[in-house]
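Since the structure comes first, as structure tokens, the remarks are kept for the end.
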Amino acid sequence: MTPRSRYKRSLNNLLNCRAAKMLMHLIPPGAGTSPRLLYIPWCNTRLPMEEDSQAGRTPIHEYDVVIIGGGLTGLRASLQFSRAGIPCAVISKVHPLRSHSVAAQGGMNAALGNVPGPGGAEDSWERHAYDTVKGSDFLADQNAVVRMCQEAPKTVIELEHMGTVWSRLEDGKIAQRPFGGAGFPRTCYAADRTGHNVLHTLYEQVTGARIPVFEEFYVTSLVTDAGRCTGCTALEIMTGLVHGFAAKAVLMATGGFGRIFSRSTNALINTGDGQALAYRAGAPLEDMEFVQFHPTTLVGTSILISEAARGEGGHLLNNRGERFMARYAPQALDLAPRDVVARAIEQEIAAGRGFPGGYVHLDLRHLGADLINERLPGIRQIAMDFAGVDPVKEPIPIQPGQHYSMGGIAVGIDGQSGLPGLHAAGECACVSVHGANRLGGNSLLETVVFGRLAAEAIARDIPSFARPAAGPVASEVSRTEEKIAEILGRTGGKPLFPLIDELRETMYTKFGIFREERTMQEGLLAIRALADRMARVSLADRERAANIALVRYLGMDHMLTVAESVALGAIGRKESRGSHTRRDYPARDDERFMQHTIAAQKGAAMEISYTPVILGMFNPEERVY
Amino acid sequence: MMQFVVYRFRPGMDHPRYDRFRLDPVSGETVLSALFRIQETLDDSLAFRYSCRGAVCGTCAMLINRVPRLACRTQVAALLEGKAGLPLSHFAPAGMVEPWDPKKEVIVEPLPNLPVIKDLIVNMDRFFAYYREISPVFRPSDPAPVRERPMSPAAVRELDRYTTCILCAACFGACPVNGQDPAYLGPAALAKLWRFRIDPREDRGEERLASGDRPDGWWACRFHTNCRRVCPKDVTPDRAIGKARMELSKRKKEKEP
């Protein structure tokens, strides 16, 4: 770092001081300064290990805990560490406010009982737990479900106390709406921008707590030392510099992997980085074949149209104008769980009752402009911006699309993975509270509840964790440097992007809503062939700084690992349960498959095994809606 | 055939250059997807930010046909058909003078008023420094009750005018005052400050109001209202600023004998 940039960096840290702010403007933007300093996080960053580093000027940071991912889970966990006085940092490949959590629309389930249920009955955490377990097709671990549902009311209240502006009832209490697969109006919401409201609240709190955030740092590998995870390496995207992070514990909070599918509601950044990094470091993955397809995504862009649209009274209609859900879920109709509704739509389309191009209608017109504007304003805006359709006047064209990953890094309630020192929570983890199918409104809940619980467990145990050695971090940085140099050094190879498209198409056509042995085997071969072809890809952009193509290459590398785990899990599970629907095994088989799928490394290969489901309060029964 | 005119810059270059990319039009395409097509088929070194592609995360604000907008929300066809014009007041971003033919071309440049890192990526540090400067942390007056603090639906409706802000900085890039006075907190930070000012669960209204009572706060705005015009979420920072100034003026009058 030059003296000039050191000077400017200290000014950056003093930005609250007005004099410093004025001084900073005397330096012309970008003139003669290293771009690196511009991305030094705004809070004080400790670099105590810098001298120890064997890689010369390689920055090695040390914190007690490193959190990978800056969405709801990561931010909630960071607040817990901050309150406990434990030094932690958040590393995120995007600014935390750009995390996919921000896109969550519908709400967060909690048995607050603010709105009476059918016949005036009062909601309870037990009813919430039952709906969740039934929704999961009895694959969820019931101890985890019970814990989540018990924690739910205080979690919603806690967010309210941090400043979240929840929608309200006339009496001033937090409003709740009905959601799919739930017997009660249990979903707390902030219009249809719940994720946005909660994420901004948590980020405000993180700002107030001055928690260091390494923005636009893309984690490239985990560091292991004697069978323990002791940190990670990360590419600082804007400069191309590889950093090392040493930590007593690492918390993975990177979200889902929806972008391995061609049709997905997920943000473009959801490439399954956390699952792939954990798997490669030795932590097994669980239930990866359970991928949720949301029934209502906008035709063309696959942008989510919230279940809240049906919760507020919207109807699904086929090309004859029929409310076809009566055929598939006579009681729950449009508010059956997502797996049921997504299959129903696909069946209607297959039977020729969809519209040309393969979609059906979601009709909100009868709700009226006032209700739509008050409770579904974001949906209206999305439909107008991206499909040119005003839901007040026309039905919305929708089709199912990938939405959520029930599976993930295998962890217990305390977030502990199969690799000591590595913890995980939120969508990247599999606790498992969602089993074979997640209920709407339970994912936001999971992020905040298990973000906190994982952090509490780490905070409790951290006095017994040793300080990590710098050596393994430094050598992992060197290995990462070599890997990046090798990728950027390739010439005359094939372009990257057609391979990404091919993977996504393969996953959607071979591992989509309906699956069968023959096509899945074809899919698996295609995934493995793509992995081989990656070695012959070269990028035209050789620069280190802000090389977006390089970041996408590394993301594709992660996606291939995740795709293989989905494929092997799906091929191995010879039954239909929740989101996993096999034409060749149409029934649920509790005898053989009331078990979680585990994908773990065995040598260079991925091996599938099974582990029992934790039952408890509720016995498996036939799932009828 | 249409053409994308794209601003290119990386550290080490004395001046930015403009590259012209020819693309076949694709129906329903957004500017963001066109940028991906350029990156994927013509030049993989093109640098831009992206995340949600659904106009909710605020990542991809840039200058499109000389108007700050979200690339993911802007339809290419609407630009070429001349349907996406948006007159702005006193808006002349420094250095952006490359001519283009709006009937056949779309010009894409980085968001003004922030330093460029590479191509369409700007350094947002100053924007977020001002966000932190207004102390955007909820500080209720009373100790936390067991349950929620009650709030009327009407209070929520008023707050929602400002909580919908996605901090994309389109307003910051569109504001002529931000262009001239780098110390100005800017529309987004002031709208955020007002959001806390009117939150009925806080009783620090005076404190919040006072923290913007400075020459580079409430008083720097000259009501060009570009912020409101470019906001992809219909936030109205000018309304918040106007109300704050009215309150402060009223206070000051009352204090005079």
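The values are calculated or read from the model by the stated rules, or taken from the named source; none is laboratory data. What you are looking at is a predicted structure, and each value in this text was computed from that prediction instead of being measured. Every residue, glycine among them, receives a Cβ derived from its backbone with ideal geometry; neighbour counts consider all protein chains shown.
I need the full set of residues from region B:76-99 which are in contact with a helix residue (DSSP H, G or I) (Cβ under 8 Å, 6 or more places away or on another chain) and crowded, with 17+ Cβ neighbours inside 10 Å, in order please. Passing the criteria: B:Val76, B:Leu79, B:Ala84, B:Leu88, B:Phe91, B:Pro93. Looking at this structure, is B:Asp213 of a type outside the set (Ser, Thr, Tyr), under 19 Å from the mean Cα position of the chain (by Cα) and either surrounded by 15 or more Cβ atoms within 10 Å (Cβ to Cβ) or within 14 Å of another protein chain (Cβ to nearest Cβ) (or both)? Here the answer is no, as B:Asp213 does not meet what is asked.
The set of residues in region A:274-323 being more than 30 Å from B:Gln75 (Cβ to Cβ) and aliphatic (A, V, I, L, M) consists of A:Ala276, A:Leu277, A:Ala278, A:Ala281, A:Ala283, A:Leu285, A:Met288, A:Val291.
Based on this model, can you work out whether B:Gly54 counts as within 11 Å of chain A (Cβ to nearest Cβ), part of a loop (DSSP other than H, G, I, E, B) and within 17 Å of the chain's Cα centre (by Cα)?
On the way: within 11 Å of chain A (Cβ to nearest Cβ): yes; part of a loop (DSSP other than H, G, I, E, B): yes; within 17 Å of the chain's Cα centre (by Cα): yes.
It is true that B:Gly54 is within 11 Å of chain A (Cβ to nearest Cβ), part of a loop (DSSP other than H, G, I, E, B) and within 17 Å of the chain's Cα centre (by Cα).
Here A:Gln142 qualifies as farther than 14 Å from A:Ser443 by Cα and among the polar types (S, T, N, Q).
May I ask you to verify whether B:Arg69 is within 12 Å of chain A (Cβ to nearest Cβ), crowded, with 20+ Cβ neighbours inside 10 Å, in contact with a helix residue (DSSP H, G or I) (Cβ under 6 Å, 6 or more places away or on another chain) and of a type in the set (D, E, K, R)? The answer is no for B:Arg69. Looking only at residues in region B:216-257 that are at pLDDT below 95 and among the acidic types (Asp, Glu), the one that is surrounded by the most Cβ atoms within 10 Å (Cβ to Cβ) is B:Glu254. Being charged (D, E, K, R) and touching a residue at least 24 places away in the same chain (Cβ under 8 Å) is the requirement here; does A:Asp131 meet it? Against the criterion (charged (D, E, K, R) and touching a residue at least 24 places away in the same chain (Cβ under 8 Å)), A:Asp131 qualifies. In the set (1) within 7 Å of chain A (Cβ to nearest Cβ); (2) part of a loop (DSSP other than H, G, I, E, B), B:Pro99 fails one condition alone, (1).
Within the bounds of region A:182-189, is there any residue that is surrounded by fewer than 24 Cβ atoms within 10 Å (Cβ to Cβ) and of a type in the set (D, E, K, R)? Give the steps one after another, and end with the answer.
First pass over region A:182-189, keeping only residues surrounded by fewer than 24 Cβ atoms within 10 Å (Cβ to Cβ): A:183-185.
Pick out the ones that are also of a type in the set (D, E, K, R) and you get none.
Looking for residues that are surrounded by fewer than 24 Cβ atoms within 10 Å (Cβ to Cβ) and of a type in the set (D, E, K, R), one finds none in region A:182-189, hence no.
Set side by side, the residues A:Arg573, A:Arg518 differ, and just one is over 30 Å from B:Val122 (Cβ atoms), buried (at least 23 other Cβ atoms within 10 Å of the Cβ) and of a type outside the set (A, V, I, L, M, F, W, C), which is A:Arg573.
Restricted to region A:381-471, the set of strands (runs of 3 or more DSSP E) holding at least 3 residues that are of a type outside the set (Val, Ile, Thr) comprises A:396-405, A:422-424.
Of all residues in region B:168-183, those that are surrounded by 24 or more Cβ atoms within 10 Å (Cβ to Cβ) and touching a helix residue (DSSP H, G or I) at 6+ places or on another chain (Cβ under 7 Å) total 7.
Filter region A:577-610 down to the residues that are polar (S, T, N, Q) and surrounded by 14 or more Cβ atoms within 10 Å (Cβ to Cβ), then identify the one that is nearest to the chain's Cα centre (by Cα).
Of region A:577-610, the ones polar (S, T, N, Q) are A:579, A:581, A:595, A:597, A:601, A:609.
Subsequent filtering for residues that are surrounded by 14 or more Cβ atoms within 10 Å (Cβ to Cβ) retains A:579, A:581, A:595, A:597, A:601.
Numbers: A:Ser579: 17, A:Thr581: 22, A:Gln595: 23, A:Thr597: 20, A:Gln601: 23 Å.
Per the criteria, the residue is A:Ser579.
Of all residue pairs spaced 6 or more apart or on separate chains, those with beta-carbon atoms under 7 Å, a first member in region A:492-518 that is more than 23 Å from A:Gln399 (Cα to Cα) and a second member that is part of a helix (DSSP H, G or I) and acidic (Asp, Glu) are A:Phe497/B:Glu40. In the set (1) within 26 Å of A:Cys229 (Cβ to Cβ); (2) crowded, with 24+ Cβ neighbours inside 10 Å; (3) under 18 Å from the mean Cα position of the chain (by Cα), A:Ile458 fails one condition alone, (3). From the list A:Arg228, A:Arg193, exactly one residue is basic (Lys, Arg) and farther than 21 Å from A:Gly441 by Cβ. Which is it? Step by step, each of A:Arg228, A:Arg193 is checked, and only A:Arg228 is basic (Lys, Arg) and farther than 21 Å from A:Gly441 by Cβ.
Among the numbered criteria (1) of a type in the set (Lys, Arg); (2) in contact (Cβ under 8 Å) with a residue 12 or more places away in the chain; (3) farther than 30 Å from A:Gly412 by Cα, which single criterion is violated by A:Arg280? Looking at each condition in turn, A:Arg280 falls short on (3).
Is one or more of the residues making up region A:166-180 among the aromatic types (Phe, Trp, Tyr), under 23 Å from the mean Cα position of the chain (by Cα) and crowded, with 18+ Cβ neighbours inside 10 Å?
yes
For region A:139-188, filtering for residues that are farther than 22 Å from A:Ala436 by Cβ, basic (Lys, Arg) and either at the interface with another protein chain (Cβ under 9 Å from one of its Cβ atoms) or assigned to a helix (DSSP H, G or I) (or both) leaves 3.
I'd like the full set of residues that are away from chain B (no Cβ under 13 Å) and buried (at least 24 other Cβ atoms within 10 Å of the Cβ), limited to region A:84-107. Scanning region A:84-107 gives A:Cys88, A:Ala89, A:Val90, A:Ile91, A:Gly106, A:Gly107. Give B:Ala84, B:Ala34 a once-over and let me know the one that is in a helix (DSSP H, G or I) and more than 9 Å from every other protein chain (Cβ to nearest Cβ). Going through B:Ala84, B:Ala34 in turn, the sole match is B:Ala34. The set of residues in region B:22-31 that are closer than 18 Å to B:Leu63 by Cα and part of a loop (DSSP other than H, G, I, E, B) contains only B:Glu29.
The residue list B:Asp19, B:Asp43, B:Asp14 contains one member that is surrounded by fewer than 20 Cβ atoms within 10 Å (Cβ to Cβ), outside any loop (DSSP other than H, G, I, E, B) and within 14 Å of chain A (Cβ to nearest Cβ), which is B:Asp19.
One line per residue, one yes/no per condition, for (1) surrounded by fewer than 24 Cβ atoms within 10 Å (Cβ to Cβ); (2) assigned to a strand (DSSP E or B); (3) hydrophobic (A, V, I, L, M, F, W, C):
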position	(1), (2), (3)
A:Ile211	yes, no, yes
A:Thr224	yes, yes, no
A:Cys229	no, yes, yes
A:Thr233	no, yes, no
A:Met238	yes, no, yes
A:Ala247	no, yes, yes
